[in-house]
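Just dropping this structure here.
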Amino acid sequence: MREMTLGKSGLRVSAVGFGGIPIQRISENEAATVIRTAIDLGVTFFDTAAGYTDSESKIGKAIAGRRDGLVLATKSGSGTREGAQAEIERSLRQMKTDVIDLFQFHGISDMAKWEQITGPGGAMEAVLEAQRKGDVAHVGFTSHSLDTALELVEEEIFETVQFPFNLVTSEPADELIPKARERALGFIAMKPLCGGQYDDAVLAFKFLNGFSDVVPIPGIEKVEEIEQIVAVVASGAVLEGAEKERAEKIAADLGKLFCRRCDYCEPCPHGVPIQTAMNLHGLCKRLPPASIAGWVAGKLSEEGTKCTECGECEEKCPYDLPIIETVKASVEKAKAIMADWEARS
Ligand code: SF4
Ligand code: SF4
């Protein structure tokens with residue numbers, strides 16, 4: 001397996017990491033099998049979050065006795081000192097580790113959130129304290145907002161940035177990746193398979209192989225997924241000829257539909273959970289059915305019906321996505337999911 005250095009953190013990681021969202025959907029034993037297979041294949045970088053229900057504890061159990069040489073990254077979305085401190089302590093316990101190699105502020109969507117984090121009583125106080133104590137080694141952030149990420153990469157504290165990057169949402173290649181490189185931040189690509197919008201791992205990872213200092217973290221649920229991905233990444237092959245043309249066509253077609261989760265369209269004046277509606281397909285692929293029924297489809301099937309088709313959101317979306325049409329289709333899908341869930345429970 002190829003390796004790379006995550007910017008000024010100096011952390012050495014495999015050229016592909018392991019994203020910890022989908023293991024929420026499988027049993028502890030199944031998760032252990034897929035995680036240990038990844039380690040056997042040379043994957044050394046594991047990324048999870050305090051907010052991914054039992055993902056941290058599944059990783060902690062699976063790596064028992066094999067912690068050496070692995071880089072564990074997790075996140076907290078809390079803006080407060082108390083909240084972040086509690087989540088860091090919980091992450092250490094869940095992952096059965098003495099140190100979080102990379103702590104990331106989870107989903108900083110705007111500068112108001114950053115001001116909360118760095119203000120009095122904010123989460124930064126807890127993170128700096130954890131660094132002093134040796135509980136956290138390195139610090140990064142994750143975001144879906146390009147404008148916010150471009151500002152945050154200027155902050156001295158950060159050693160890594162995690163942002164969606166794949167052959168459909170390739171905008172970070174223009175400014176964010178070069179800026180991260182210039183500032184010596186490691187770049188971690190979330191959603192390398194476009195958040196579950198397409199399944200062609202060969203095209204997806206040949207595209208990413210073209211960026212030798214970017215480490216993708218695909219969400220993994222099955223042994224065969226990690227085997228296929230590792231084979232493509234280890235080969236170092238990049239897109240060429242007919243494959244390149246096919247990838248460009250996919251990018252052009254899906255780019256007109258793919259939500260970047262940047263939140264520029266929010267909030268809806270009528271309370272429609274726009275981003276959930278735009279991402280229902282991918283969420284259904286990655287989250288456990290109970291979570292989908294509990295807070296995704298349940299909420300959407302009720303609040304999504306409040307759309308008046310005013311068009312305010314479409315005016316604000318920088319990618320000109322057909323939000324109204326997608327909300328309508330997702331509400332119907334959410335209602336069907338709920339009917340099916342209720343029939344089964
Ligand atoms: S079109 Fe619908 S979802 Fe968009 S802002 Fe108006 S009410 Fe909200
Ligand atoms: S619909 Fe458009 S503006 Fe809204 S989160 Fe998605 S990409 Fe961003």
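Using beta carbons and a limit of 6 Å, which pairs, at least six apart or on different chains, have the first residue in the range 72-95 and at positive phi and the second one part of a strand (DSSP E or B) and surrounded by 24 or more Cβ atoms within 10 Å (Cβ to Cβ)?
none
Assess whether Val168 counts as being in contact (Cβ under 8 Å) with a residue 24 or more places away in the chain and part of a loop (DSSP other than H, G, I, E, B).
Considered against the rule, which asks whether it is in contact (Cβ under 8 Å) with a residue 24 or more places away in the chain and part of a loop (DSSP other than H, G, I, E, B), Val168 comes out as yes.
A quick yes/no check of all residues on (1) in a helix (DSSP H, G or I); (2) within 16 Å of ligand 2 (Cβ to nearest atom); (3) of a type in the set (Ser, Thr, Tyr):
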site: Ala112; (1), (2), (3): yes, no, no
site: Ile117; (1), (2), (3): yes, no, no
site: Pro120; (1), (2), (3): no, no, no
site: Met124; (1), (2), (3): yes, no, no
site: Leu128; (1), (2), (3): yes, no, no
site: His138; (1), (2), (3): no, no, no
site: Phe141; (1), (2), (3): no, no, no
site: Asp147; (1), (2), (3): yes, yes, no
site: Glu154; (1), (2), (3): no, no, no
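Show the residue pairs meeting these rules: Cβ distance below 7 Å; 6+ apart or different chains; first residue within the range 51-71 and free of Cβ contacts under 8 Å to residues at least 40 places away in the same chain; second residue open to solvent by 60 Å² or more (accessible area, probe 1.4 Å).
Lys58/Glu28; Gly60/Lys96; Lys61/Glu28; Ala62/Arg36; Ala64/Lys96
Considering each residue of the range 302-345, count those that are open to solvent by 90 Å² or more (accessible area, probe 1.4 Å), within 8 Å of ligand 1 (Cβ to nearest atom) and on the phi > 0 side of the Ramachandran plot, and give that number.
Here the count works out to 1.
When you look at Cys262, is it in contact with a His (Cβ under 9 Å, 6 or more places away or on another chain) and within 16 Å of ligand 1 (Cβ to nearest atom), yes or no?
Taking the combined requirement at face value, the residue satisfies it.
Residue by residue, here is whether (1) out of contact with any helix residue (DSSP H, G or I) (no Cβ under 9 Å at 6 or more places or on another chain); (2) surrounded by fewer than 22 Cβ atoms within 10 Å (Cβ to Cβ) holds:
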residue: Ala149; (1), (2): no, no
residue: Glu156; (1), (2): yes, yes
residue: Asn166; (1), (2): no, no
residue: Thr169; (1), (2): no, no
residue: Ala201; (1), (2): no, yes
residue: Asn209; (1), (2): no, yes
residue: Pro218; (1), (2): no, no
residue: Val223; (1), (2): no, yes
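Could you pull out the residue among Ser78, Ser91 that is part of a loop (DSSP other than H, G, I, E, B), among the polar types (S, T, N, Q) and surrounded by 20 or more Cβ atoms within 10 Å (Cβ to Cβ)? Talk me through it step by step, then tell me what you get.
On the way: Ser91 fails: part of a loop (DSSP other than H, G, I, E, B).
One residue alone meets the criteria, Ser78.
Continuing with the same structure: Would you pick out the residues in the range 260-281 that are open to solvent by 30 Å² or more (accessible area, probe 1.4 Å) and more than 9 Å from ligand 2 (Cβ to nearest atom)?
Pro267, Pro269, His270, Gly271, Thr276, His281 - these are the residues of the range 260-281 that are open to solvent by 30 Å² or more (accessible area, probe 1.4 Å) and more than 9 Å from ligand 2 (Cβ to nearest atom).
Looking at the range 232-250 only, could you name the residues that are farther than 16 Å from Phe211 by Cα and open to solvent by 60 Å² or more (accessible area, probe 1.4 Å)?
Within the range 232-250, Ala242, Glu245, Arg246, Glu248, Lys249 meet the criteria.
Are any of the residues in the range 136-147 closer than 14 Å to Asp213 by Cβ, in contact with a helix residue (DSSP H, G or I) (Cβ under 8 Å, 6 or more places away or on another chain), open to solvent by less than 40 Å² (accessible area, probe 1.4 Å) and of a type outside the set (Phe, Trp, Tyr)?
Scanning the range 136-147, I find no residue that is closer than 14 Å to Asp213 by Cβ, in contact with a helix residue (DSSP H, G or I) (Cβ under 8 Å, 6 or more places away or on another chain), open to solvent by less than 40 Å² (accessible area, probe 1.4 Å) and of a type outside the set (Phe, Trp, Tyr), so the answer is no.
The values are calculated or read from the model by the stated rules, or taken from the named source; none is laboratory data. Remember, it's a predicted structure, so these values are computed and weren't measured experimentally. Note that each Cβ is placed from the backbone with ideal geometry, even for glycine, and that neighbours are counted across all protein chains shown. Side chains included, ligands, DNA and RNA excluded: accessible areas come from the protein's heavy atoms. Shrake-Rupley method; radii C 1.70, N 1.55, O 1.52, S 1.80 Å.
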